[in-house]
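Data block below; observations after.
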Amino acid sequence: MPRDFSLESALALCAGAACVLTLATVSADAAETSAARVLRDCPACPEMVVIPAGEFMMGSEFAESGHPDEKPRHKVVIAKAFALSRTEVTFDQWAACVAEGKCREPSDDDLGRGDRPVINVTWQEARDFAAWLSAKTGQRYRLPTEAEWEYAARGGTATPWFWGTAESSFGSHLACEYANTHDETGKEAHPMYVWSNHPCADGFPETAPTGRFKPNAFGLHDMLGNVREWVLDCHKPGYEGAPTDGSAVDAEACEKRIVRGGAWIDGASTTRAAYRHPEKPDSATYQIGVRLLREM
């Protein structure tokens, strides 16, 4: 985040909104940042981090991944600042919508509730939660587009993971400082998961309470790992003809939407910033959760 993005700038963006603006210090390990600007529109609302406008290269090079779904790598310009929830939406936050009769209460599959990420919600249910927050606050909440999500996840980096490049064929040992992914802890608890794991131990064999790991340079926690996150876009194989302005790919008949970020069960290759996975919009699983965008 640019150092000239001041508190006054954040207050100006928040002007006229019924929001409470606070400051949350970004980890010293999140390079070239001063502080994350965080706002919250109501006591039950998620904390939202202001993400500045900018540009980035979306997708991956062949050396990172040979998967054609992540290509061609292309420049995307995010012309306007937005706010993204600091963590994934939690069961506690979702419960406020349930209490008002606007959301279904999902199962936690015995992985834990409270401040753990909500799971077992469909794409439409994620949008319904955003619509409830919008009506409650007078602000516009929605799912992020795929480009907005990747821009925020990278936090100004171009490496496969925002904490750096791989230090082994299975990914960096630093993963356990920044993300809840398939690692030595998960391998010991679930020996049937035979795919590659990060060579470290984070202490969480399944989902972790949100915000327990170090943030990226934008002050966002759990962008990679913990649970996969619905985005707005309809899945289209590859990026030929993809928008370059950060807008969503949509279609009248959309068989699959996209989830991003990987989950606690995912290894190094599927928790990269560029990794994308198509899911049927009515899928509700223990791997998929929600992170919301608030328009500024």
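Quick look at the values:
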| quantity | calculated |
| --- | --- |
| Selection from region 39-55 of residues that are surrounded by fewer than 22 Cβ atoms within 10 Å (Cβ to Cβ), in a strand (DSSP E or B) and touching a helix residue (DSSP H, G or I) at 6+ places or on another chain (Cβ under 9 Å) | Gly54, Glu55 |
| Whichever residue in region 56-75 is within 18 Å of the chain's Cα centre (by Cα) and in a strand (DSSP E or B) and, among such residues, is surrounded by the most Cβ atoms within 10 Å (Cβ to Cβ) | Met58 |
| Lys102 vs. criteria under 21 Å from Tyr275 (Cα atoms), at pLDDT 95 or above, of a type in the set (D, E, K, R) and over 19 Å from the mean Cα position of the chain (by Cα) | no |
| Any hit, region 144-160, residues being open to solvent by 20 Å² or more (accessible area, probe 1.4 Å), out of contact with any helix residue (DSSP H, G or I) (no Cβ under 7 Å at 6 or more places or on another chain), hydrophobic (A, V, I, L, M, F, W, C) and in contact (Cβ under 8 Å) with a residue 12 or more places away in the chain | yes |
| Leading residue by the ranking (modelled with the highest pLDDT) among those in region 185-203 that are open to solvent by 50 Å² or more (accessible area, probe 1.4 Å) and in a loop (DSSP other than H, G, I, E, B) | Gly203 |
| Test set (1) assigned to a loop (DSSP other than H, G, I, E, B); (2) over 25 Å from Gly156 (Cα atoms) - His182 fails condition number | (2) |
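The values are calculated or read from the model by the stated rules, or taken from the named source; none is laboratory data. Remember, predicted model here, so these are calculated numbers, not experimental data. Glycine gets a Cβ as well: all are built from the backbone with ideal geometry, and neighbour counts include every protein chain shown. Just the protein is used for accessible areas: all its heavy atoms, side chains included, with ligands, DNA and RNA removed. Shrake-Rupley method; radii C 1.70, N 1.55, O 1.52, S 1.80 Å.
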